[in-house]
1. Taking the stated definitions as given, is residue 119 within 16 Å of residue 135 (Cα to Cα) and at pLDDT 90 or above?
2. Checking residue 63 against (1) modelled with pLDDT under 90; (2) assigned to a helix (DSSP H, G or I); (3) over 20 Å from residue 131 (Cβ atoms): exactly one of these is not met. Which one?
3. Scan the range 126-152 for residues that are farther than 23 Å from residue 53 by Cβ and at pLDDT below 60 and jot them down.
4. If you check residue 81 against the conditions, is it assigned to a helix (DSSP H, G or I), surrounded by fewer than 19 Cβ atoms within 10 Å (Cβ to Cβ), modelled with pLDDT of 90 or more and touching a helix residue (DSSP H, G or I) at 6+ places or on another chain (Cβ under 8 Å)?
5. Could you grab the pairs with beta carbons closer than 6 Å, sequence gap of 6+ or different chains, first residue in the range 89-110 and touching a residue at least 24 places away in the same chain (Cβ under 8 Å) and on the phi < 0 side of the Ramachandran plot, second one in a helix (DSSP H, G or I) and surrounded by fewer than 16 Cβ atoms within 10 Å (Cβ to Cβ)?
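The values are calculated or read from the model by the stated rules, or taken from the named source; none is laboratory data. Everything numeric here is computed off the predicted structure, so don't read it as measured data. When we count neighbours, we look across all protein chains shown, and the Cβ atoms used for this are built from the backbone with ideal geometry, even at glycine.
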């Protein structure tokens, strides 16, 4: 009888010794997460506001089902996936796009607009916003063939009539 009590007490002591440091680490980990969460929440709320403004801008400039927020949101994802050559995922998104009653021809016209702009539409991980801006511009005006106006290039062109000799 005494052996079982001693074993139980020893097991309890070992369990407490093992669990106490773990509880301390859990308490520390949760404090660190709450400090880091505030800046992420601020940037997240700014991203959400920016996204809402973008969707409302598309709604103001278009009419018909292509102006619906769900059509633009899904359509932008389909176009992004097509640009990245992820055709399987793009077709799954396209099925969902069709299920919402969104115009399939608008996807074709938008993608055609991007392709006509040239090879520089290829996704650059350093500038994902530029691709999204082009998709939005082509979504609003799919017949446009020129990329949206951008900042002037960093290198200055030499005036005509002069040489670099």
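1. Details: within 16 Å of residue 135 (Cα to Cα): yes; at pLDDT 90 or above: no.
For residue 119, the condition - within 16 Å of residue 135 (Cα to Cα) and at pLDDT 90 or above - is not met.
2. (2)
3. So in the range 126-152, the residues farther than 23 Å from residue 53 by Cβ come out as 126, 143, 145-146, 152.
The answer is 145, 146, 152.
4. Numbers: assigned to a helix (DSSP H, G or I): yes; surrounded by fewer than 19 Cβ atoms within 10 Å (Cβ to Cβ): yes; modelled with pLDDT of 90 or more: yes; touching a helix residue (DSSP H, G or I) at 6+ places or on another chain (Cβ under 8 Å): yes.
It is true that residue 81 is assigned to a helix (DSSP H, G or I), surrounded by fewer than 19 Cβ atoms within 10 Å (Cβ to Cβ), modelled with pLDDT of 90 or more and touching a helix residue (DSSP H, G or I) at 6+ places or on another chain (Cβ under 8 Å).
5. Here the result reads 100/70; 102/65; 103/65, each pair linking the range 89-110 to a residue that is in a helix (DSSP H, G or I) and surrounded by fewer than 16 Cβ atoms within 10 Å (Cβ to Cβ).
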